[in-house]
Amino acid sequence: MALAPVAYTIWNHALNFDPADPSWPVRDRFVLSCGHASMLLYSLMHLAEIQQPVADATQDAQPAVSLDDLRNFRQLGTPCAGHPEWGEIAGIETTTGPLGQGIANSVGMAISSKWLTARYARPDFDLFDFNVYVLASDGDIMEGIGAEAASLAGHLKLSNLCWFYDDNRITIEGDTDLAFSENVPDRFRALGWNTVIVEDANDVDSLKATIDTFHATDDRPTLVVVRSVIAWGSPNKAGTAGAHGAPLGAEEIALTKQAYDWPQSDPFFVPPAVREHFRQELGTRGRTARQDWERRFQDYESSHSDAAGELKTMWSGRLPDGWDQGIAAFEPDSKGLATRASSGQVLNQVAAKIPWLLGGSADLAPSNNTHLAGDGDGEFSAADFGGRNFHFGVREHAMAAACNGMSLCHLRPYTGTFFSFTDYMRPAMRLASMMHQSVIYILTHDSIGLGEDGPTHQPVEHLAACRAIPGLFVMRPGDANEVAEAYRVLLGQNESPAALVLTRQAVPTLDRGQMGSASGVARGGYVLLDAPESQPQVLLIGTGSELALCVEAYHQLASAGIATRVVSLPCWELFESQDSAYRESVLPSSVTARVGVEAGIRQGWDRYLGGTGLFVGMDSFGASGKAEDLYAHFGITTQAVVEAAQKTLNA
């Protein structure tokens, strides 16, 4: 209720958006970061008559949000969920609800516009810039991710980004003074933002003026602080915490309608003139802008066919033909190299073929090996929006959320940090999975193998934690060739985010002439070494750096006459998606003697180990010391694998 004038002003007087074509790639974006106010967004979508795209061109388009949808708000099966969910209906630009995520997503969207313009604009063809408008609440501004995102946006001078902060001074517990007393405009000025204050949310002329100010500001993002009254117009609940997240109730609704001089009879009454007003304002402006853009893009395509071809491929969600042909195989090497190092090599090989693959690290690029070193890759900054290497600073949470925004604009972003710091990123990773965004997380220093930094930096529970996120591919390759295949698999799909979990320490590059092909990575798990000419007696199942321990144990067990199979299981999610016949061929149910080997906790492994299998791994936090000493100290050794195999055979 309080934000209706703000949302109306943005949509009807500023937004370049065509309700008839809500997927127009250079439309302005509107993000409702305060997702608990979702009915405001659904109402706007209904009044604007946003059309839901149909796959069959012979079918008539349907409204994205009907009156019946509004009547069934927050009910099972309705598109009008309690918080906006991307992908459910056209017009929702991102999934919001966890506070701070939407404003951080918006930074990635604004980055995308700047990057596309810097990379693809040509003389007389400035076609790719769009603005990003956001409605934010006190909670968005309070959240740590909000501070990270605001700092990053101010540093990058994202002048196409405008946040409207609903300063209603109310939270669920009461007045914001209970926990929040800072001067928000001053804080944002210090972060490099242009800050404007509107004293009355109902003053549409002042709101229009702030948008004009935003459009005229070309060197920084804009924050509009809007003083509002929650539940404005409600005689008894306006300005109170009781109106935050709870229905007004039938009696108070009747009184509020009376205060608005609004008809009481129909609870979903919409005067016909309102829809017509939206058609004439938003509809006409958006349609005209989109049609003009399409004509100009045709001319652009005639003059710059290669660039236009890249854009059309990107917007379709595809990759360029032959994008993976530059991935080189790694020769066998008993010393090998860290999987983070082979990842850096493969990343650059594929980036040379995919111009819109871009990303960076949370101040750890030299350690994560995430730097793109190709000609013209450059550094993304306020001075060069065309760079492909991003410096996110020590802002892991905002980094992950901004990459969600970039992915929603059809770029293929990646992030980099130490695996233990996924604790800071998890909420954004979870939302990436909900939205089926194929962000890649390059996560190095994946175990006690990182050594002297000690238990604060040594992940032990993190593989289990990431595997617990539905839809997230967790890929822990065991050598350089598995890394190469991991990139082929993870970039080759466009439906799921992926955690690429990599070592700090060197691991052998296995001899694929004597072992199973690394192409088995595409199926999540495969037979690496098998018992010659006989059914295996015991299965050794490993991931990552511990795969080499399984190989060493295989040879010792074979020398003792024990028929052994080594299974590489780098991605459980992919393996579980295979048919039962394939899974049975890799892990035959008749072989119950099994050993799982991974430098993490056992959680999740029992599905593969069964009731009698044993686990060689961690059951505590790590310690500070050299990697080889730590592996010995915690009992993750070849000998431990051999002994576990013998024990489970005798069980």
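Summary table below
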{"quantity": "The stretch 147-191, accessible area per residue, ligands and nucleic acids excluded (1.4 Å, Å²)", "calculated": "45 Å²"}
{"quantity": "Relative contact order for the chain, counting Cα pairs under 8 Å that sit 6 or more residues apart, in percent", "calculated": "11 percent"}
{"quantity": "Relative contact order %, the stretch 1-122, counting alpha carbon pairs below 8 Å whose residues are six or more apart", "calculated": "24 percent"}
{"quantity": "Share of carbon and sulfur in the accessible heavy-atom surface of the stretch 560-606 [1.4 Å probe, %]", "calculated": "49 percent"}
{"quantity": "GLN514-LYS647 FRET efficiency (beta carbon distance; Förster radius 35 Å; 0.05 resolution)", "calculated": "0.80"}
{"quantity": "Protection-proxy order for peptides 425-435, 597-607, each taking the mean of Cβ atoms within 10 Å per residue, highest first", "calculated": "425-435, 597-607"}
{"quantity": "Cα centroid separation - the stretch 485-510 against the stretch 271-296, whole Å", "calculated": "45 Å"}
{"quantity": "In degrees, nearest ten, helix 144-156 long axis to first principal axis of the chain (Cα)", "calculated": "80 degrees"}
{"quantity": "Helix-only mean residue ellipticity at 222 nm for the chain, each DSSP H run of n ≥ 4 adding -39500 (n - 2.57), per residue, nearest 500", "calculated": "-11000 deg cm²/dmol"}
{"quantity": "Length gained when the stretch SER265-PHE621 is fully extended (0.36 nm per residue, less Cα-Cα span)", "calculated": "121.8 nm"}
{"quantity": "Stretchable slack from ARG74 to GLN59, in nm (0.36 nm times residue separation minus alpha-carbon distance)", "calculated": "2.6 nm"}
{"quantity": "Over 23 Å between alpha carbons, listed pairs LYS208/LYS257; LYS237/LYS257; LYS312/LYS353", "calculated": "LYS208/LYS257"}
{"quantity": "Percent of beta bridges antiparallel (DSSP, the stretch 97-188, rounded to nearest 5)", "calculated": "40 percent"}
{"quantity": "Inter-part distance where the stretch 133-202 and the stretch 44-101 are each reduced to a Cα centre, Å", "calculated": "27 Å"}
{"quantity": "Net dipole in debye of the stretch 504-651 [+1 Lys, Arg Cβ; -1 Asp, Glu Cβ; about Cα centre; nearest 20]", "calculated": "40 debye"}
{"quantity": "Descending Cα extents along the principal axes, the stretch 355-460, whole Å", "calculated": "39, 33, 20"}
{"quantity": "Folded to 0 to 90 degrees: helix 250-260 orientation relative to the chain principal axis, Cα", "calculated": "50 degrees"}
{"quantity": "Separation of the ASP321 and SER303 label points, Cα + 7 Å toward Cβ, nm", "calculated": "2.7 nm"}
{"quantity": "More than 23 angstrom apart: percent of Cα pairs within the stretch 510-635", "calculated": "30 percent"}
{"quantity": "Square roots of five times the Cα gyration tensor eigenvalues for the stretch 436-588, Å", "calculated": "26, 20, 13"}
{"quantity": "At q = 0.15, 0.23, 0.25 Å⁻¹, base-10 log of I(q)/I(0) for the stretch 85-136 (Debye sum, equal scatterers on each alpha carbon)", "calculated": "-0.51, -0.88, -0.95"}
{"quantity": "Simple Cβ-charge dipole of the chain, Lys/Arg +1 and Asp/Glu -1, about Cα centre, in debye nearest 20", "calculated": "660 debye"}
{"quantity": "Size descriptor, Kirkwood hydrodynamic radius, that averages inverse alpha-carbon separations across the stretch 43-120, Å", "calculated": "14.5 Å"}
{"quantity": "In range of the label at GLN345: residues from the stretch 484-520 whose backbone nitrogen is under 11 Å from the point 7 Å along Cα→Cβ", "calculated": "484, 509"}
{"quantity": "Which of MET515, PRO355, PHE621, positive extreme of dipole for the chain (C-beta unit charges)", "calculated": "MET515"}
{"quantity": "Which of LEU587, ALA560, SER577, positive extreme of dipole for the stretch 560-610 (C-beta unit charges)", "calculated": "ALA560"}
{"quantity": "Extended-chain gain in nm, criterion 0.36 nm per residue less alpha-carbon gap, GLU379 and ASP200", "calculated": "60.3 nm"}
{"quantity": "Nearest-ten-degree value, helix 284-303 long axis tilted from longest Cα axis of the chain", "calculated": "50 degrees"}
{"quantity": "Cα-based radius of gyration of the stretch 479-519 once divided by 2.2 N^0.38 Å, which approximates compact folds", "calculated": "1.32"}
{"quantity": "Distant-in-sequence amide H partners of PHE392 (H built 1.01 Å from N, under 5 Å)", "calculated": "SER361, ASP363"}
{"quantity": "Computed E for HIS155/GLN280 - FRET, C-beta separation, R0 60 angstrom, nearest 0.05", "calculated": "0.90"}
{"quantity": "Scattering curve values for the chain, log₁₀ I(q)/I(0), Debye with Cα scatterers, q = 0.09, 0.10, 0.11 Å⁻¹", "calculated": "-0.80, -0.94, -1.08"}
{"quantity": "Two-site FRET efficiency, THR213 against GLU452, from Cβ-Cβ distance with R₀ of 60 Å, rounded to 0.05", "calculated": "0.70"}
{"quantity": "Kirkwood-Stokes translational diffusion coefficient of the stretch 411-480, alpha-carbon pairs, 10 °C, 1.306 mPa s, µm²/s", "calculated": "124 µm²/s"}
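The values are calculated or read from the model by the stated rules, or taken from the named source; none is laboratory data. The structure presented is a predicted model; accordingly, all values stated were derived computationally and were not measured. Cβ: placed from backbone, ideal geometry, glycine included. Neighbour counts: every protein chain shown. What goes into the accessible areas is simple: the full protein's heavy atoms, side chains included, and nothing from ligands, DNA or RNA. Shrake-Rupley method; radii C 1.70, N 1.55, O 1.52, S 1.80 Å.
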